[in-house]
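The values are calculated or read from the model by the stated rules, or taken from the named source; none is laboratory data. Note that the coordinates shown come from a computational prediction; the quantities given were computed from them, not determined experimentally. FYI the Cβ positions are ideal-geometry reconstructions off the backbone, even for glycines, and counts take in every protein chain you see.
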Amino acid sequence: MAPLAEEEENYIRLALLLKGLSPRAVRTYFDSKFPCIDLPSTLNTNKTTLVGLKKNRVLNQVQWNRLFPGHGLALRMQKNVKKRNLC
């Protein structure tokens, strides 16, 4: 197999960094700023701002549904957060 060109190698390194390390770093930072226990109240406190972001199409419908899921999903999400905090 032929060795990769420097540009190709850099692309692969960047792709692996973005795919593997970045999501964990963002989750760690987010969790430090918004603990899971306080997340529902934080979202409700800032709902006006979030509605504005949705109207300006900064947030799409999928992202909105993750922030404010339907009633049955909200209960399931709370249980998952509790399980994650226990582990």
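Within segment 44-82, being modelled with pLDDT of 90 or more, surrounded by 11 or more Cβ atoms within 10 Å (Cβ to Cβ) and of a type in the set (Lys, Arg) holds for Lys47, Lys54.
Kindly provide the set of residues from segment 1-19 that are loosely packed, with under 10 Cβ neighbours inside 10 Å and either in contact with a helix residue (DSSP H, G or I) (Cβ under 8 Å, 6 or more places away or on another chain) or within 27 Å of Leu67 (Cα to Cα) (or both), ordered by number. Before the answer, list the steps.
So the first thing to find is which residues in segment 1-19 are loosely packed, with under 10 Cβ neighbours inside 10 Å, and the list is 1-3, 5-7, 19.
Of everything in segment 1-19, just one residue is loosely packed, with under 10 Cβ neighbours inside 10 Å and either in contact with a helix residue (DSSP H, G or I) (Cβ under 8 Å, 6 or more places away or on another chain) or within 27 Å of Leu67 (Cα to Cα) (or both), namely Lys19.
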